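Below is one structure; the comments refer to it alone.
Just so it is clear, none of the values below were taken in a lab; they were calculated from the coordinates. The structure displayed is predicted, hence computed values, not measured ones. Neighbour counts are summed over all protein chains in view; Cβ atoms, including those assigned to glycine, are modelled from backbone coordinates with ideal geometry.
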Amino acid sequence: MSETKLKILYLEDIVEILEPWLGFIQKTWAVECHGVRSRERALYLLENGFRPDLVIFDRGILYYEDDQFDDKEAGDRLYYDLVVDREIPVIVASGNDLEGVEPYRSHPPLKFIGKPLDERSIRSAVECYFEWLKEAR
């Protein structure tokens with residue numbers, strides 16, 4: 001397990017899931033970590049200078065923080081923006097099989113992890129990032 005500290009953006013729309021895993025991610029790896037529930041908030045951070053090393057991404061995020069329902073299009077558009085336009089490595093957490101779904105098929109993430117999340121799956125995802133980083137050098 002690497003001791004490297006990262007800048008991480010964690011996207012999850014459900015507060016009861018976001019808060020405990022954000023705390024775990026911050027404590028374990030992050031030098032700077034933000035947890036957001038919406039496409040709007042993620043773009044705000046990115047447009048105001050936050051450049052994460054890694055994004056842990058739930059597809060079913062909200063478009064606006066106060067929305068009451070998931071917006072797959074908001075998640076898919078943000079994923080495309082992160083991976084294609086900004087070239088930020090992304091780990092996708094989902095309860096669905098997204099490997100054949102656009103934009104994940106044509107622009108695969110570093111890794112897919114299943115939901116519900118657990119400590120082992122998050123550790124595995126971040127270790128995947130460190131392996132990718134070694135190969136990229």
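Values for this structure:
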{"item": "Charge dipole (debye, nearest 20) of the chain; +1 at Cβ of Lys and Arg, -1 at Cβ of Asp and Glu", "result": "540"}
{"item": "Volume per residue of the C-alpha convex hull in the chain, rounded to whole Å³", "result": "104"}
{"item": "Cβ-derived FRET efficiency at R0 22 Å, Thr4 paired with Glu102, nearest 0.05", "result": "0.10"}
{"item": "Stretch gain in nm, segment Tyr64-Phe24, where the contour uses 0.36 nm per residue and the Cα spacing is subtracted", "result": "11.9 nm"}
{"item": "Selection from Leu43, Leu133, Ile61 lying farthest towards where the dipole of the chain points positive, charges on Cβ", "result": "Leu133"}
{"item": "Label-point separation in nm, Asp118 to Ile14, each point 7 Å along Cα→Cβ", "result": "1.6"}
{"item": "Rel. contact order, % - alpha carbon contacts under 8 angstrom, at least six apart, the stretch 6-136", "result": "20"}
